[in-house]
Each structure stands twice: as structure tokens, then as C-alpha cells.
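Remarks on the structure that follows.
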Amino acid sequence: MTPRTPNQNKEIRQETRQQIKDAAFELFAEKGFSSTSVRAIAQQANKSKGLIYHYFDGKNDILQAIFDDLATLSNQAMDFPDELSSAERLEYLLDMIFGYIQESTEVVRLMMALALQPKAIATLKSSIEQYNAHHIEMMRPLFEDLGCENPEAEAYYLVAKLDGITLGLITLGDDYPFESMKQKVLEDYVLDQK
């Protein structure tokens, strides 16, 4: 048996780290952040408890890593092509968000469950505040260009609408008029601007 290459070792470390995060994410959402132990994460990931501590300092560190991964995905959605107008940027963003909600409903359900847990939110408070401030700051100019009187409030309002649509889809599944809601949001924010 030939020894592994450095790239193979790196891939194995990344896969193991991801398996731990995936297991923790599911447990945090299903059982609650407070009720989930590192031992339970190890069992769910089919890893040893010692291996978990090799990759993470504890469950707070795992939660932070999960949040960081989700924030990275969100930041990628906000990476607009330069040539787009504000209306086109908003449409691009909404298309990506609606696509993600529809294609990754299980992940979104886990995110919503985690977001309703006070201890998880307290652990991530600083990161969440930075994340929100950054994204509102990125969205505010779009709403300014679209002529909104209070661009910051409009950005928060859009996020609240998207949260409500997400919750509707998660709770009602195929019975929720997801496509109609998507069309309504696009009409409210984008189609009138074209």
C-alpha cells in the first residue's frame, strides 16, 4: 500500500471535518444546541470523541464553523457581476435565494430550527451582528438606486418576507404556493423596475 499524498491527506481532513459539521448541524437542529453533547456529535458522525476535539475546540467551535460555511454561501450569492444594474442585481440575488430555498429545503429547515434556539443565537451573537450589518450594507445601495425612501428598512423588510416564505415552504411543503410567492416578490422589487 502506497502512502497517501499531501493532497489526499488534505482531502481526508476536509471530508472528516465536513462530516462532523454535518452531524452536528443535524443534531443541533433536531435535539437542540444545548442538549447536544460532543459525544452525541461523535456518535452521529461515526467518529471518536477525541477526533472531534482534534478538529474543533468543542461544540461552540463547531457551531461557529457551520455558521461560517453558511455565511460564505450567502456572500457568494452577493457577488454580483459588475455590469448589472441595481434591479438586475436584486433579481440575480432573489433568483439565487429562491433557488437555494427550493433546492436545499432540508438545510434551510435545519437553519430555521437552529435560528430559534436562544443558546445557539447567543453563541453566535457577534457573528450574526457582523453578518447582518454587512448584508444590509450591501443591499442598501440597491434599494437607494431603486428609489426607496428608507433603503435600510426595505432591506430588512425583504429579508422578513423571505423568512416568511421559507417558513411557509418548510411547514406546508408542496401545498405552499412557493412559485406564486416568488413571482410576487419579483414583481414587488424587480419586474416593475425593468
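The values are calculated or read from the model by the stated rules, or taken from the named source; none is laboratory data. A quick note: this is a predicted structure, and the numbers were derived from the prediction, not measured. Methodologically, a virtual Cβ is constructed for each residue, glycine included, from the backbone with ideal geometry; neighbour enumeration extends over all protein chains shown. The area values use the complete protein model at the heavy-atom level, side chains included, leaving out ligands, DNA and RNA. Shrake-Rupley method; radii C 1.70, N 1.55, O 1.52, S 1.80 Å.
Structural remarks
- Search result, residues across the range 50-65 that are more than 12 Å from L124 (Cα to Cα) and out of contact with any helix residue (DSSP H, G or I) (no Cβ under 8 Å at 6 or more places or on another chain): G50, H54, D57
- Pair list, Cβ under 9 Å, 6 or more apart: the range 95-115 residue free of Cβ contacts under 8 Å to residues at least 40 places away in the same chain and on the phi < 0 side of the Ramachandran plot, other residue basic (K, R) and surrounded by 17 or more Cβ atoms within 10 Å (Cβ to Cβ): D95/K182
- Residues in the range 149-168 that are of a type in the set (A, V, I, L, M, F, W, C) and open to solvent by less than 20 Å² (accessible area, probe 1.4 Å): A155, L158, L162, I165.
- Flag for E129 being out of contact with any helix residue (DSSP H, G or I) (no Cβ under 7 Å at 6 or more places or on another chain), outside any helix (DSSP H, G or I) and not aliphatic (A, V, I, L, M): no
- Counted residues, the range 20-40 - those being of a type outside the set (A, V, I, L, M, F, W, C) and either crowded, with 16+ Cβ neighbours inside 10 Å or within 13 Å of L110 (Cβ to Cβ) (or both): 7
- There is at least one residue in the range 185-192 that is open to solvent by less than 70 Å² (accessible area, probe 1.4 Å), of a type in the set (D, E) and out of contact with any Leu (no Cβ under 6 Å at 6 or more places or on another chain).
- Residue match in the range 158-177 (condition: farther than 21 Å from L110 by Cβ and touching a Cys at 6+ places or on another chain (Cβ under 6 Å)): no
- Residue match in the range 140-148 (condition: free of Cβ contacts under 8 Å to residues at least 24 places away in the same chain and under 16 Å from Y100 (Cα atoms)): no
- Qualifying residues in the range 50-81 (those that are aromatic (F, W, Y) and over 15 Å from S37 (Cβ atoms)) - the one nearest to the chain's Cα centre (by Cα): F67
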